[in-house]
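Every number in this text was worked out from the coordinates using simple rules, so none of it is lab data. A quick note: this is a predicted structure, and the numbers were derived from the prediction, not measured. All Cβ positions, even for glycine, are placed from backbone atoms using ideal geometry, and neighbour counts span all protein chains on display.
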């Protein structure tokens, strides 16, 4: 396991005016309201390459690059600028499509995309350029068709080209030259978090300060990656009375492996968790490619994903199947709760006022056999109609332990307790699979909505174990 | 070969060039309407107050609390309109309505110093409504006989006789959903008034002339008082053909009343909630086949979901009826059409303009009947193709029908269709829970506006003294590469290097009275006009040159000093077309564009999830003006069509609850476009060779819309894969869009081994035959009583 970078504490900037370095130039944030997102901020600078296409992180037209910690160095991470408050980027370095190259001085990514016919109307193009550039600069990428991870641009929508020329341009990219300043930038650490403190927005330096601020501002909105809050702000006009940004709190950014499990800091982004865990938790490794897009995973944090308590999030079912526990921090100290007991109702949890999710604990040993089955209209970057995560231990042909987490079938993510009971102690064979499937089909209280009918959701529950059996177990296979 | 289509050696047309703005696109330097806001001082921002009801009378509108919100400058209401309170071309679209007709209908607009102020002001506006009964679904409208506009009929022969003489008669119902345009750039306008009172509106519009006319009409001005410019659009797809006008008018009204620039840009949610989409259609049909599977007769009644106002619904319906035949000869035909009136957004133009919906009907008929006839669908389709000398049901002889056969044979060969279908059969036999299928479908699509008058275009070409060239034309750029093609046409016509030619943005004060950039025909029309202007200049220059062969710059300089005019206004009109919409007969299309696609899919029987393994396309673009642009149109159109048919799922709340009439998929999180993950694993596209089109600019053909319909191959492959879960000969009724859920239920029904919803025998389910006294389409149903509309 590779620990993600944890930058040094910010020092000596407590009274500095907030600013963002955009394309190498410092740009003051003075007077910028807390609800102004980074997209509107850079557009207001005249950098209108980044566009608003959807204002909810689904289209990627607003993508920009942010220098993020990565071990001793940094990485250019593309994020949806429409979701992030500009103030949350205080002290950070941002590069937009304009910063990569101009019409007479194209960046290799820009040249490739232009020559391949990768732009038609051009509106989505600067966002694609940023997502492609991030992948271009990925240090462990190998040039050529197999080296480019096409999922890196899965969060960018194009309505004109049909994607083939974009895919071809991406797969034809070479490597950055040694003189490429943006490649060179990755050798140095990312900027430390700035201790921002302006009207309505604060970035505390440590956990103690964060908890004190929350106690002081009971109506504060706790902000991490802002991938959920940004949607509320943009689409539903919600405004925070006070924002406490916790995404760079050092106490929330460790990933440690101990004898009894893995502890994942709540403020690690999903991309950071994905990179740090690798294949160590196979069930989570199955989740990542199906979880939103790279743009979202670069912003969304694991703690935020759990704390927003969405009934249709994809991570909670997997964490439920892993018997995950949460460490909750408050001024009174830490307490630990089982994730299964965390959700109390639609978007409600046991979190108390002035309490934060500090870490997610995944106990070990892990179940030997796991699967994650997501049902959605679109293959990638869609919201689940149904998500089913299964973790099984099979001893001598008998199910010793079963944990099943479900999403999309109730007001909260839920465990499929009746199905677990129908599995445990039974021989792991087709008869048990079919009997348990009948139970699973009746779990939860699925509804009809625009994503799927209740009948389809139930049918998908009922087919999840059968499909796993068919694809991974039948004929003596093993998942 | 005509002069228009003859192509010189070493021409700039025919070269594979990147989009003329590609370097601006990739660097973020290309400007779109809303980008100009950041270059315009003192802009006011507009925000709508939207109806929460699908149908209601506004009984009270109180703006006083809004005006008290800090930063709110003005609230625009019906009382402010100096001209006509209407944003449509048929007087059925009040800009500030007394009766709201759909959820999201804007009652008034708030102007603020910031968008935030305008938004908060809109929240503070008090509106009382008296709810009225609402019709939401198409089937509700049919039951309630809620229709609008004319009810055209296309008839040939005697359909009763054709059905009576058929060996097999089947009848059924086909329903298909609409589609959200989801241009990445939402609607945007920025209006200013200059010192002389000239209103200047920058608008993301496919139809600047009509935007100009409606702005003028709302303001009570003559057209010469209003200039509309469109730099470029971030996608249009038909969604900006009629829908921008009202938004431009609101911005212009605000600018006139406040003296300040006004920006109106819709959020994605507003755009999806407020603006029209592709029409969903409902079709009842009866089809007769002879023993060999040849169609003998087809009767169908098509009902489109027009939404709250007529908009372009009549010409969309006309084009749908003119495309029910697709590439197939049907001796006896009776097609009725009608437009439902529902309390939803006013459905409008969308790439294909009814053609896809009409063609889907016959493809659905063939796809469902093939198993019942016991004929391989590939063979059934091929057997029914038009041949030389046959005419469409509306009386136009089909020219070059052999091209669709040539494209078909090429796809069968290069796509290795026979071999792969054998492999698929073996795969399916070996896999109980995963099935594959490969389907092949043709496209025949008529090019030209149905309404003859729109088939004209203008251009303005300047040659400056230094030999550089600037062109303007009446078409707009929305990503389709029209400007790229026009640069190539001008360089070719004048015989100068491409680098000598620049193109200036589309403006109504440069080229007046333009038609919408629509109907795929903009390169044909504007290319003709650009070429005409260039040729006028060239003919003058030839006299100056007098055979000396002077270099271009010298010739131009000498011409100037000889007092020879170095600029010209070009004009073009399409010859040889005519159309009578009252009887739905004529020769409306200059030519047909052809294409064939073969698609292979794999379906997971547990979930209905699928992926497209391989697609092979051969498409006819004539002699391509710009092969890279055309390839992009073919691929992009195909994927957009696949989105319509498989993934994109518009859902309205049809319940009787408080949300009735609300679009429940009004955001990118709930309405899913194809992403890169939907790209077929393998996509092979070839442009048909030996495809010169005589009488069209440099032998080319239109390409914007026809490729959308190549996507039928994917839908038919999904149908066949779903059917493969059942016994041989299973006919599957596949919902459109064929979402994974729809495919799952289709596979479930196949597994239960019942043939779906197709009635065999006479009389069968007889389609509704609308009242014979129902009005026909207005002779100019596309035409406003003032101004024009695209079609």
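By other beta-carbon atoms within 10 Å, ranking A:466, B:444, A:377, B:344 with the fewest at the front produces A:466, A:377, B:444, B:344. Computed over the alpha-carbon atoms, segment A:192-285 gives an Rg to Rh ratio of 1.04, Rh here being the Kirkwood radius from the mean inverse distance. Exposure proxy ranking for B:517, A:125, A:21, based on other Cβ atoms within 10 angstrom of each Cβ and starting from the fewest, stands as A:21, B:517, A:125. Principal-axis analysis of the Cα atoms of chain A puts helix A:454-468 at an angle of about 80° to the longest axis.
Take the Cα of residue A:256, step 7 Å toward its Cβ, do the same at residue B:565, and the gap between the two points is 8.6 nm. If I fit a long axis through the Cα atoms of helix A:430-440 and take the longest principal axis of the Cα atoms of chain A, what angle between them do I get, 0 to 90°, rounded to 10? So the helix axis and the longest Cα principal axis differ by about 60 degrees. Between the C-alpha center of segment B:153-205 and that of segment B:3-37 there is a gap of 27 Å.
Restricting the calculation to Cα atoms, segment B:503-603 yields a radius of gyration followed by a Dmax of 21.0, 72 Å. Applying D = kT/(6 pi eta Rh) to segment A:197-363, where Rh is the Kirkwood radius over alpha-carbon pairs, T corresponds to 10 °C and eta to 1.306 mPa s, the Stokes-Einstein value obtained is 99 µm²/s. Over 20 Å apart: what share of the alpha carbon pairs of segment B:49-175 falls there, rounded to a whole percent? Counting every Cα pair in segment B:49-175, those more than 20 Å apart make up 62 percent.
Here the simple spin-label model places points 7 Å from the Cα toward Cβ, and for residue A:21 and residue A:105 these points are separated by 1.8 nm. Take the Cα radius of gyration of segment A:94-211 and divide it by 2.2 N^0.38 Å, N being the number of residues; the result is 1.30. According to the Kirkwood relation over distinct C-alpha pairs, the hydrodynamic radius of segment A:323-418 is 15.3 Å. Which FRET efficiency value, to the nearest 0.05, do you get for residue A:212 and residue B:42 by plugging their Cβ-Cβ distance into 1/(1 + (r/R0)^6) with R0 = 60 Å? The formula returns an efficiency of 0.85 here. Calculated [222 nm] ellipticity per residue, helices only, for the protein assembly as shown: -8000 deg cm²/dmol; basis is -39500 (n - 2.57) per DSSP H run with n ≥ 4, divided by all residues, nearest 500. Counted over segment B:49-106 with a bin width of 5 Å, the fraction of Cα pairs per bin, in whole percents, is 4, 16, 24, 24, 20, 9, 3, 1. Percent of Cα pairs in segment A:61-120 per distance bin of 10 Å, from zero to the largest separation: 19, 43, 29, 8.
Each residue of segment B:338-429 gets 190 Å³ once the volume of the Cα convex hull is shared out per residue. Sorted largest first, the principal axis extents computed over the alpha-carbon atoms of segment B:229-276 equal 33, 24, 16 Å. Globularity index of segment B:1-89 is 2.03 (Cα radius of gyration / 2.2 N^0.38 Å, N = number of residues).
For chain A, the convex hull spanned by the alpha carbon atoms encloses 148 Å³ per residue. Distance between the C-alpha centres of segment A:192-249 and segment B:693-731: 52 Å, rounded to the whole angstrom. Along its three principal directions, the equivalent ellipsoid of segment A:154-208 from the Cα gyration tensor extends over semi-axes of 37, 22, 9 Å, largest first.
Projection of the Cα convex hull of segment A:369-476, averaged over all directions and equal to a quarter of that hull's surface, yields 6.4 nm². Listing B:224, B:279 from fewest to most neighbouring C-beta atoms within 10 Å gives B:224, B:279. Here's the picture: a label point sits 7 Å out from the Cα of residue B:78 along the beta-carbon direction, and within segment B:97-141 the residues with their amide nitrogen under 19 Å of it are B:97-110, B:125-133. If you plug the beta carbon distance of residue B:425 and residue B:611 into 1/(1 + (r/R0)^6) with R0 = 25 Å, you get a FRET efficiency near 0.85. Under the classification rounded if a/c is under 1.5, otherwise prolate if a/b is larger than b/c and oblate if not, where does segment B:442-510 fall, given a ≥ b ≥ c as square roots of the Cα gyration tensor eigenvalues? It comes out prolate by the Cα gyration axes. When the alpha-carbon atoms of segment A:19-185 are used, the pair Rg, Dmax equals 15.1, 46 angstrom. The C-alpha radius of gyration of segment B:316-381, expressed as a fraction of 2.2 N^0.38 Å, stands at 1.32. Note that the protein assembly as shown, at 37 °C in a medium of 0.692 mPa s, gets a Stokes-Einstein diffusion coefficient of 103 µm²/s from its Kirkwood radius over C-alpha pairs.
Geometric descriptor of chain B, per residue, is 153 Å³ (volume of the convex hull of the Cα atoms). Please work out the Kirkwood hydrodynamic radius for segment B:564-635, using every pair of different C-alpha atoms, and report it in angstroms with one decimal place. For segment B:564-635, inverting the mean 1/r across all distinct Cα pairs yields 17.4 Å.
What separates the Cα centres of segment A:95-154 and segment A:24-81 is a distance of 17 Å.
For the pair residue A:435 and residue B:139, a Förster radius of 56 Å applied to the C-beta separation gives a FRET efficiency near 0.85, rounded to the nearest 0.05.
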